[in-house]
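Undergrad: The structure follows.
The values are calculated or read from the model by the stated rules, or taken from the named source; none is laboratory data. These figures come from a predicted structure and were not determined experimentally. Backbone-built Cβ (ideal geometry, glycine too); neighbour counts: all protein chains shown. Calculation scope for accessible area: heavy atoms of the full protein, side chains included, ligands and nucleic acids excluded. Shrake-Rupley method; radii C 1.70, N 1.55, O 1.52, S 1.80 Å.
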Amino acid sequence: MVQKSSEGLTVKKDENFSEWYSQVLDKAEVTDLRYSVKGFVVIRPWGAMAMENMYKIYEKALQSRGHKPCFFPTVIPEKNFKKESSHVKGFTPEVFWLEKIKGEDKLALRPTSETAFYQMYSLWIRSHRDLPLKLYQRANIFRYETKATRPLIRAREFYWIEAHDCFATKEQAEAQVQEDIRTTEEVMHQKFGIPFLPLKRPEWDKFAGADYTIGSDVMMPDGKLIQQPSTHHLAQHFSRAFNIKFKDEKGREQYVWQTCYGPAISRILASLISMHGDDSGIIMPFCISPIQIMIIPIFTKENKNKVISECKKAFDKIISLGISVEIDDSEKSPGEKFNIWELKGVPLRLEIGEKEISSGKLTLFIRDTKNKETIETKNLEKLKKYGEDIDERLRDKADKFMDKKIVSCKTKQEIKNAIENKKIARISFCSIDKEGEKCAEYVEKEMGAIILGTLANKNERASGSCIICSKPAKEVVYVGKSY
Ligand SMILES: [Zn+2]
């Protein structure tokens with residue numbers, strides 16, 4: 001039970017991650033569960049502002065690679081939804097249907113928008129000159145989850161970006177899949193500091209309607225993996241179903257080749273909070289924190305005006321540097337203010353009181369290291385560098401955490417040990433095509449873990465035999481527990 005209190009956290013992250021996560025979302029005012037509909041949460045300003053910054057960074061990266069934004073309707077007519085047979089089979093159990101309105105088509109709340117976009121693509125694409133077509137939308141989507149839901153991690157409504165791309169050739173589509181992995185690397189890893197494994201999913205675990213799927217798996221502190229951006233090579237399955245054709249340079253009609261890519265911003269926020277946070281709360285990377293620097297005035301009745309006016313000077317200077325900053329001049333004590341903003345994860349804090357004013361040196365608190373330094377009032381432009389250093393340290397720390405998690409295993413017992421120790425086992429495996437499914441079922445039943453897939457951006461040569469069935473190993477796969 002989460003204690004309702006404005007106080008700090010009552011559990012340590014390493015001792016009880018699940019409770020830590022619930023408390024941090026609640027006490028830092030990221031989400032509120034009191035809306036009381038299973039799988040649907042209210043995201044409060046602190047969470048929403050962080051997400052807005054994440055969206056901006058992500059969309060900029062997509063646009064720099066030739067994607068353009070658009071917005072599609074939330075509802076999808078049943079007849080569209082049913083056009084691609086494996087897609088309809090895969091997604092139907094997860095669809096929220098709107099009660100039929102008399103005389104109109106039955107409508108689905110989008111669980112993903114292939115079948116919305118592609119109806120229009122068949123109208124928009126005529127010639128090879130219309131290709132490539134690369135569009136994305138930011139959207140909320142709806143999936144009827146039957147498993148236990150967790151705020152931001154597994155929800156019935158979540159916030160994402162979906163990019164839908166069309167190409168003239170299969171090779172171009174394959175290149176797009178690799179580009180998507182690089183986008184994930186640039187944004188999620190380099191900017192947000194979250195390392196991931198881009199894994200090609202086994203045949204039995206791919207997106208409904210795709211030739212193949214690459215999921216980006218991120219480790220949570222409890223040793224379970226969470227799927228972050230996935231990218232799908234759709235080949236011509238949907239273009240045939242939706243009749244998306246173009247005339248090539250010789251005037252021949254051809255079906256386009258398609259890919260789609262879906263980073264879920266709300267879920268990435270969950271990883272970001274979980275990965276970087278500590279026993280005092282969230283640590284927001286400087287690049288996405290809703291407030292990057294919080295100024296805390298430390299005053300008495302006598303010097304209040306003087307201190308506040310000094311804070312305002314610092315505020316004006318910092319805002320002119322393009323950094324988001326606020327002054328907390330509320331009635332709370334400085335100690336209370338420190339605790340609140342540490343809980344919310346503001347990366348830098350400036351303390352300004354009599355001592356700082358007379359020395360011309362402000363006290364600077366750095367959230368991730370919890371160090372206090374001083375910074376001269378004439379050197380405030382250095383704050384940006386302090387912020388960038390935080391992001392670099394968070395990323396390095398996360399990388400080290402992830403590196404230690406992967407262990408190469410040679411026996412079934414070693415796999416079991418790895419999984420029990422909350423790690424990812426790297427093993428030789430027969431196949432991620434249909435014929436490997438029996439071995440995957442064995443792993444799931446005996447070890448409580450799943451075959452996550454093979455590295456998608458690196459060719460890892462398999463040697464020897466499958467640890468499970470002893471047939472020649474075709475693949476090196478990663479095995480772990482997943483959310
Ligand atoms: Zn096998």
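Undergrad: Find the centroid of the Cα atoms in segment 187-257 and in segment 330-374, then give the distance between the two in whole Å.
TA: Going from one Cα centre to the other spans 44 Å.
Undergrad: Search the structure for amide H atoms under 5 Å from the amide H of Ile406, placed 1.01 Å from N in the peptide plane, and list their residues when 5 or more places away or on another chain.
TA: Here the answer is Ile424, since their amide H atoms fall under 5 Å of that of Ile406.
Undergrad: Then there is this: Filter the cross-link list Lys355/Lys378; Lys245/Lys458; Lys416/Lys481; Lys434/Lys471; Lys301/Lys382; Lys200/Lys438 down to pairs whose alpha-carbon distance in this structure exceeds 23 Å. List each step's numbers first, then the result.
TA: Working: Lys355/Lys378 16 Å; Lys245/Lys458 33 Å; Lys416/Lys481 11 Å; Lys434/Lys471 14 Å; Lys301/Lys382 32 Å; Lys200/Lys438 18 Å.
Distance filter (> 23 Å) returns Lys245/Lys458; Lys301/Lys382.
Undergrad: Once you compute Rg and the Kirkwood Rh from C-alpha atoms, what is the Rg to Rh ratio for segment 29-96?
TA: Details: Rg = 17.0 Å, Rh = 15.6 Å.
That ratio is 1.09, to two decimals.
Undergrad: How large is the helix-only mean residue ellipticity at 222 nm for the chain, computed as the sum of -39500 (n - 2.57) over DSSP H runs with n ≥ 4, divided by its residue count, in deg cm²/dmol to the nearest 500?
TA: Values: 14 runs with 163 residues, N = 483.
One gets -10500 deg cm²/dmol as the mean residue ellipticity at 222 nm.
Undergrad: Return one quarter of the surface area of the convex hull spanned by the alpha-carbon atoms of segment 409-476, equal to its mean projected area, in nm².
TA: Details: hull surface 17.0 nm².
It is 4.2 nm².
Undergrad: Hey, another quick one. What do you get for the angle between helix 437-447 and the principal long axis of the chain? Use alpha-carbon atoms, 0 to 90 degrees, nearest ten.
TA: That helix lies at roughly 40 degrees to the long axis.
Undergrad: When the Karplus curve 6.51 cos²θ - 1.76 cosθ + 1.60 is applied with θ = phi - 60°, which whole-Hz ³J(HN,Hα) does each residue of segment 309-316 get, with x for Gly and Pro?
TA: Per residue, the Karplus-derived 3J(HN,Hα) values read 5, 5, 4, 5, 4, 4, 4, 4 Hz.
Undergrad: If you split all Cα-Cα distances of segment 208-293 into 10 Å bins from zero, what percentages do you get per bin, shortest first?
TA: The percentages, shortest bin first, are 15, 29, 23, 16, 13, 4, 0.
Undergrad: If you put +1 on each Lys and Arg Cβ and -1 on each Asp and Glu Cβ, how big is the dipole of the chain around its Cα centre, in Debye rounded to 20?
TA: Roughly 620 debye for the chain.
Undergrad: Kirkwood Rh over alpha-carbon pairs of segment 5-66, then Stokes-Einstein at 20 °C and 1.002 mPa s: what D in µm² s⁻¹, rounded to an integer?
TA: Value of D from the Cα-based Kirkwood radius: 157 µm²/s.
Undergrad: Another question about this same structure. Helix 45-64 versus the longest principal axis of the chain: what angle, 0 to 90°, nearest 10, using Cα atoms?
TA: 50 degrees
Undergrad: Shifting gears a bit: Cα extents of the chain along the three principal axes, largest first, in whole Å?
TA: 81, 56, 46
Undergrad: Related question: Please work out, to two decimal places, the log10 of the ratio I(q)/I(0) at q = 0.12, 0.14, 0.23, 0.31 Å⁻¹ from a Debye calculation in which every Cα of segment 303-361 carries one identical scatterer.
TA: -0.30, -0.41, -1.10, -1.36
Undergrad: Could you do me a favour and compute the accessible area per residue for the chain, 1.4 Å probe, result in Å²?
TA: 46 Å²
Undergrad: Now for a different question. In the structure shown, do any of Lys337/Lys422; Lys191/Lys361; Lys56/Lys83; Lys191/Lys344; Lys224/Lys404 have a Cα-Cα gap over 25 Å, and if so which?
TA: Lys337/Lys422; Lys191/Lys361; Lys56/Lys83
Undergrad: Carbon-plus-sulfur fraction of the accessible area of the chain, 1.4 Å probe, in percent?
TA: Of all accessible area on the chain, carbon and sulfur atoms account for 49 percent.
Undergrad: Compute the angle between helix 334-344 and the longest alpha-carbon principal axis of the chain, please, reported from 0 to 90 degrees and rounded to the nearest 10.
TA: With both axes taken from Cα atoms, the answer is about 10 degrees.
Undergrad: Quick one: of the DSSP bridges fully inside segment 344-434, what percent are antiparallel, nearest 5? Working shown, then result.
TA: Details: 10 of 13 bridges.
Approximately 75 percent, going by the DSSP bridge assignments.
Undergrad: When only DSSP loop residues count, what chymotrypsin sites (Phe, Trp or Tyr not before Pro) in segment 210-269 have their Cβ near at most 13 other Cβ atoms within 10 Å?
TA: Passing sites in segment 210-269 do not exist.
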